[in-house]
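The values are calculated or read from the model by the stated rules, or taken from the named source; none is laboratory data. Just so it is clear, the model here is predicted, and its values are computed rather than measured. Note that we place each Cβ from the backbone using ideal geometry, even for glycine, and neighbour counts take in every protein chain shown.
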Amino acid sequence: MSWNERQRAMLEAMGLKLWTPVVVEAPLIESDVAVAEAPAPPAPPAPPRVVAAPARPPIAAPAPARAVAPVTAAAAVDAALAQARGVARETIARLDWPGLRDEVAACRACSLCESRKNTVFGVGNERAHWMVVGEAPGEQEDLQGEPFVGAAGKLLDSMLRAVGLSRGEGTPERQVYIANTLKCRPPRNRNPDPSELAQCEPFLQRQIELIQPRIILAMGRFAVQQLLRSQEPIGKLRGRVHRYQGVPLVVTYHPAYLLRNLPDKARAWEDLCLALKTLEESPPRDESAAPGATPSTAGTD
Ligand code: URA
């Protein structure tokens, strides 16, 4: 692949000096957020394709009684979802920004509240066209109450800058909103537990509904698998456009993983380009639709 001058400048900004596609079998990495990605198999770039994730159950519908079945991670998620649905999901789905912030700050739905120093709600323009979804706060995020402020966050900021985006400045078109699937740090950065992910999901879902992003960039295995209701590894899910509640969603590697697997930065760059292209080809957002006016109608389509 050959790059023009502007693209080279972007690559530089992302810390990509060499542009030689090298495929390595990356070992599982214990990152500062316990990120573990499967390396993507070397494949020719596929043309963008829109796929629909499997439908999720409507929020308000009561969970059907289940026959005894082997307990799987998916079953644990379903069980926690059913529980959350009965208790707080519908309430969360109607909250405005201040209400949602308060609920997150006060949340004691799972044991992560015992060890957290701060909840980590999210940051950025509440009408941003871009939304980045990460996994869970690490140590620095827990201390500062803001997502992606550690080493992985610095790389994320560089990647965003490379395509003219920022969490802090600019118009909604050039700004991102950054949030995590979990709002509290798992102790010692262990992997998120399926029931914790399920408990926390209504918060993220409501954030997405309020923001109405035009594109979602899902980073890392836990964010991707949670949003897409998939068990597939990142390497199999990236390279095409998915949808979450109608919003185009592009899958990419977690920045903490990229810090340890430099060759995959090239793939992350391709993912960013796919997200850019998808956004450019999407119809404009209806800005007259007031955010937060409609109650949640959850479901991946
Ligand atoms: N990794 C994440 O996924 N989120 C953060 O906020 C920080 C590191």
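One table, with the values for the structure above:
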| item | result |
| --- | --- |
| Hey, L197 within 16 Å of the ligand (Cβ to nearest atom), more than 24 Å from E270 (Cβ to Cβ), out of contact with any strand residue (DSSP E or B) (no Cβ under 7 Å at 6 or more places or on another chain) and not in a loop (DSSP other than H, G, I, E, B) or not | yes |
| Scan of segment 152-181 for residues that are within 9 Å of the ligand (Cβ to nearest atom) and either among the charged types (D, E, K, R) or in contact with a helix residue (DSSP H, G or I) (Cβ under 6 Å, 6 or more places away or on another chain) (or both), ordered by number | A152, L156, A179, T181 |
| Residue identified as within 10 Å of the ligand (Cβ to nearest atom), surrounded by fewer than 22 Cβ atoms within 10 Å (Cβ to Cβ) and not polar (S, T, N, Q) among E146, E135 | E146 |
| Pair list, Cβ under 8 Å, 6 or more apart: segment 212-225 residue farther than 23 Å from R174 by Cα and in a helix (DSSP H, G or I), other residue polar (S, T, N, Q) and within 14 Å of the ligand (Cβ to nearest atom) | F222/T181; F222/N191 |
| Some residue of segment 267-289 being at pLDDT 95 or above, closer than 18 Å to Q225 by Cβ and assigned to a loop (DSSP other than H, G, I, E, B) | no |
| Unmet criterion (only one of (1) within 10 Å of the ligand (Cβ to nearest atom); (2) of a type outside the set (S, T, Y); (3) not in a helix (DSSP H, G or I)) for E126 | (1) |
| Matching entry among E209, E232 (being part of a loop (DSSP other than H, G, I, E, B), more than 15 Å from the ligand (Cβ to nearest atom) and not aliphatic (A, V, I, L, M)) | E232 |
| Given (1) at pLDDT below 95; (2) on the phi > 0 side of the Ramachandran plot, index of the condition A82 fails | (2) |
| Enumeration of residues in segment 103-115 that are surrounded by 13 or more Cβ atoms within 10 Å (Cβ to Cβ) and assigned to a helix (DSSP H, G or I) | E103, V104, L112, C113 |
| Residue tally, condition hydrophobic (A, V, I, L, M, F, W, C) and surrounded by fewer than 24 Cβ atoms within 10 Å (Cβ to Cβ), over segment 238-267 | 5 |
